[in-house]
Every structure is written in C-alpha cells, then in structure tokens.
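One structure is given below, encoded as structure tokens.
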Amino acid sequence: MAAVRIGTNVQIPEPSLTRFLFADARLSPIWLILRVYLGWQWLEAGWGKLTNPAGVWIGDKAGTAVGGFLERALSKTTGEHPDVTGWYAWFIQNVALPNKVLFSYLVTYGEILVGLALIVGFLTGFAAFFAGLMNAAFLLAGTVSANPWMFIVATWLVLAWRTAGYLGLDYFVLPRLGVVFRRRSEAGAQSS
C-alpha cells in the first residue's frame, strides 16, 4: 500500500499563505533587507578573521583560534545538562581538531563567501543554506550569541529562495538555471 502511494506522482499544492510569503516577488524588498543584513553579519565576521593582525585564522598561526574554540566546546560536554552532545564532541575530537588549520580556512573563507553571495543575491538559497549550516555548527558547539536569530533568518531565506534574490543577481542567474518567473495572471491561466 505504501509503495503504491510513494510511487504515484502526487503534487500537493502550496498553501496561499506560504506562496505569498516565500514565492511572491512583491515581498522581495523585505527579503532584500533580511538577506543583506545576514550577509553583512557573515562578511564582517569573516573579514575580521581574514584581517586578524595576530594571524590566528589565516597564515602562520592558522588553526590557533579555531582550536581554542573547539577546545572550549569540548569543555561543555560535561555536567548534568551539557551544552555539547556526545556525537558532536566525537566530531570535534576526531575530525575538526585534527584538521583545525583546514577548518580555520574553511570558516574564514566560508563566512566571506556566504556574506558576499547573500549581499549581492547570488544563489541565495544555497548561500542561506550554508549560512544556516555554519550557525548550526556554532550552536552545536555550545555558542549561542546571535546564532539562533541568524539561523532563523537563514532558514527563512532558504524557504524564500525564489524571491529572496529577486532584487539581486538571482534575477539574472535563476532563469539561466531553469527557474521561470511568471506573473500571477500567467500562473493562474496555466493552472486552469
């Protein structure tokens, strides 16, 4: 029975509210504001790491800062209510710390690239996904700060991928990738 249901091509229509919030180009100015805000946060964080005079992110001492961050995260794995779960502690110990120099470069350049992509509206859905992924990694490491808010905005931008970059480079890029922008009257005529 379940195989029959899964094998059937069923299209579940998008509710009007979510279609308005996440797919209506009239809301693109709001998505522009959120996108540029989030992009600026990431660009500023990455630029600070890139230009750090101590060189603890990029350069001779690369890995120093990220190593310290990861060691602090490991210290949050104990107690009655640990901030860092066991599986993430395993990841930190066995993957991230042994490759702290690589992670230092990935974090620095990842923040800069995500920030730039969000600011100019280039592949906004992908950029927002990676922004949320970085926020989730910081949250899993027990760091709260602005990460919950930034994660929420990134998630909204992923949901609004069709219009979040409409006032940006995605207006030109997405049609080349096969995303068709239709006016509401055209969409209604095609569905009837």
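The values are calculated or read from the model by the stated rules, or taken from the named source; none is laboratory data. All of these numbers come straight from a predicted model, not from anything done at the bench. Positions of Cβ are generated from backbone atoms using ideal geometry, with glycine treated the same way; all protein chains shown enter the neighbour counts. Each accessible area value is taken on the protein alone, full model and side chains, heavy atoms only, with ligands, DNA and RNA left out. Shrake-Rupley method; radii C 1.70, N 1.55, O 1.52, S 1.80 Å.
Taken over the C-alpha atoms, the chain has Rg and Dmax values of 20.4, 64 angstrom.
To the nearest ten degrees, helix 64-74 and the longest principal axis of the Cα atoms of the chain are 80 degrees apart. Ranked from largest to smallest solvent-accessible area, with a 1.4 Å probe on the protein heavy atoms, K100, K61, K49 come out as K61, K100, K49. With contacts taken as Cα pairs under 8 Å at a separation of at least 6 residues, region 113-160 carries a relative contact order of 40 percent. Here the Gaussian network model covers the chain, with springs between Cα atoms less than 10 Å apart; of E80, E71, E14, E80 fluctuates the most.
Probe radius 1.4 Å, ligands and nucleic acids ignored: give me the carbon and sulfur share of the accessible area of region 119-189 as a rounded percent. Spell out each step's value before the answer.
Details: 2920 of 4040 Å².
Carbon and sulfur together cover 72 percent of it.
Solvent-accessible area per residue in the chain equals 62 Å², computed with a 1.4 angstrom probe and all protein chains kept.
For region 170-182, backbone phi angles converted through the Karplus equation (6.51, -1.76, 1.60; θ = phi - 60°) give residue-by-residue couplings of 4, 4, 9, 7, 4, x, 5, 8, x, 7, 9, 8, 10 Hz, Gly and Pro being listed as x. The fraction of all Cα pairs in region 4-46 landing in successive 10 Å bins from 0 to the largest distance is 23, 26, 24, 18, 8, 0, given as whole percents. In this simple spin-label approximation, Q93 and I12 carry label points 7 Å from Cα along the Cα→Cβ vector, and these lie 4.0 nm apart.
Of the accessible area of region 1-78, computed with a 1.4 Å probe over protein heavy atoms only, carbon and sulfur atoms account for 66 percent. With the whole protein complex present, F20 retains an accessible surface near 80 Å², based on a 1.4 Å probe. Label-to-label distance, A136 versus E80, with points set 7 angstrom from Cα along the beta-carbon direction: 3.1 nm.
Can you tell me the relative contact order of the chain? Whole percent, Cα pairs under 8 Å, sequence separation 6 or more. Please report the intermediate quantities before stating the final value.
Working: 227 pairs, mean separation 53.2, N = 192.
Here the relative contact order equals 28 percent.
Over the residues of the chain, the helix contribution to mean residue ellipticity at 222 nm works out to -19500 deg cm²/dmol, using -39500 (n - 2.57) for each DSSP H run of at least 4. Figure note: I12, I33, I112 ranked by solvent-accessible area, largest first, 1.4 Å probe, ligands and nucleic acids not counted: I12, I33, I112.
Here the 3J(HN,Hα) profile of region 128-138, calculated from phi with Karplus coefficients 6.51, -1.76 and 1.60 at θ = phi - 60°, is 5, 4, 5, 4, x, 5, 5, 4, 4, 4, 5 Hz, Gly and Pro shown as x.
When every alpha-carbon pair in region 27-138 is counted, what percent end up more than 25 Å apart?
Values: 1940 of 6216 pairs.
Within region 27-138, distances greater than 25 Å cover 31 percent of Cα pairs.
Taking S104, S16, S145 as the candidate residues, the one with maximal mean-square fluctuation in a Gaussian network model of the chain, Cα springs under 10 Å, is S16.
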